[in-house]
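Visitor: Please read through the structure below; I'll follow up with questions.
What follows is calculated from the coordinates using simple rules that are stated; it is not laboratory data. What you are looking at is a predicted structure, and each value in this text was computed from that prediction instead of being measured. Don't worry about glycine lacking a Cβ; one is built from the backbone with ideal geometry, like all the others, and counts go over all protein chains shown.
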Amino acid sequence: ADADTGGPTIYDKIIAKEIPSTIVYEDDKVLAFRDINPQAPVHVLVIPKSRDGLTQLGKAEKRHGEILGELLYAAKIVAEKEGIVDGFRVVINSGPTACQSVYHLHLHVLGGRQMAWPPG
Ligand code: 5GP
């Protein structure tokens, strides 16, 4: 996994549409696109278009509260669009111990199959 350097990530290129992605939802603040390595029939990543220091949830500050709310609400919109709103999971991996690999905050929206708990 990469380290949290605060530098650019692959998601900057996805936001700039320099590398292709399958976009599921987009507004002025948020982009949602399919994970390249899906872990469920539906696996969508929801990210802020402006990272603004938000490399990982563990480094969130009070000023990030508004975008954090926008991201969580966008996860629900994605679940609706994908037809899984009756049962889905939202995951945020924060830091290397949690297997975060891209240091631009992102929500995983997972569904379309029975999920297990605890996740491991
Ligand atoms: P993390 O492990 O940081 O929580 O999740 C990063 C996610 O980004 C992984 O699920 C990985 O498959 C996804 N990912 C990494 N590179 C790309 C890419 O270039 N395109 C897309 N669509 N997903 C990516």
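Visitor: Provide the packing ranking of 56-65, 6-15, i.e. peptides ordered by the mean count of other C-beta atoms within 10 Å per residue, highest first.
Guide: Working: 56-65: 13.1, 6-15: 15.6.
With the highest mean Cβ count within 10 Å placed first, the list reads 6-15, 56-65.
Visitor: Averaging sequence separations of C-alpha pairs under 8 Å and six or more residues apart, then dividing by the length of the chain, give the relative contact order as a whole percent. Write down the numbers at each step before the final one.
Guide: Values: 183 pairs, mean separation 39.9, N = 120.
Relative CO of the chain lands at 33 percent.
Visitor: Hey, what angle do you get for helix 65-82 against the long axis of the chain, alpha-carbon based, 0 to 90 degrees rounded to 10?
Guide: For helix 65-82, the angle is close to 30 degrees.
Visitor: While we're on this one: Residues in segment 71-86, backbone N under 18 Å from the label point at residue 34 (7 Å along the Cα-to-beta-carbon vector): list them, ranges by number please.
Guide: Those under the cut-off are 78-85.
Visitor: So how far, in whole Å, is the C-alpha centre of segment 97-120 from the one of segment 1-79?
Guide: 13
Visitor: Another question about this same structure. Calculate for the chain the 222 nm mean residue ellipticity that helices alone would give, adding -39,500 (n - 2.57) per DSSP H run of length 4 or more and normalising by residue count, nearest 500 deg cm²/dmol. Walk me through the numbers before you get to the answer.
Guide: Working: 2 runs with 24 residues, N = 120.
My calculation for the chain gives -6000 deg cm²/dmol from helical runs alone.
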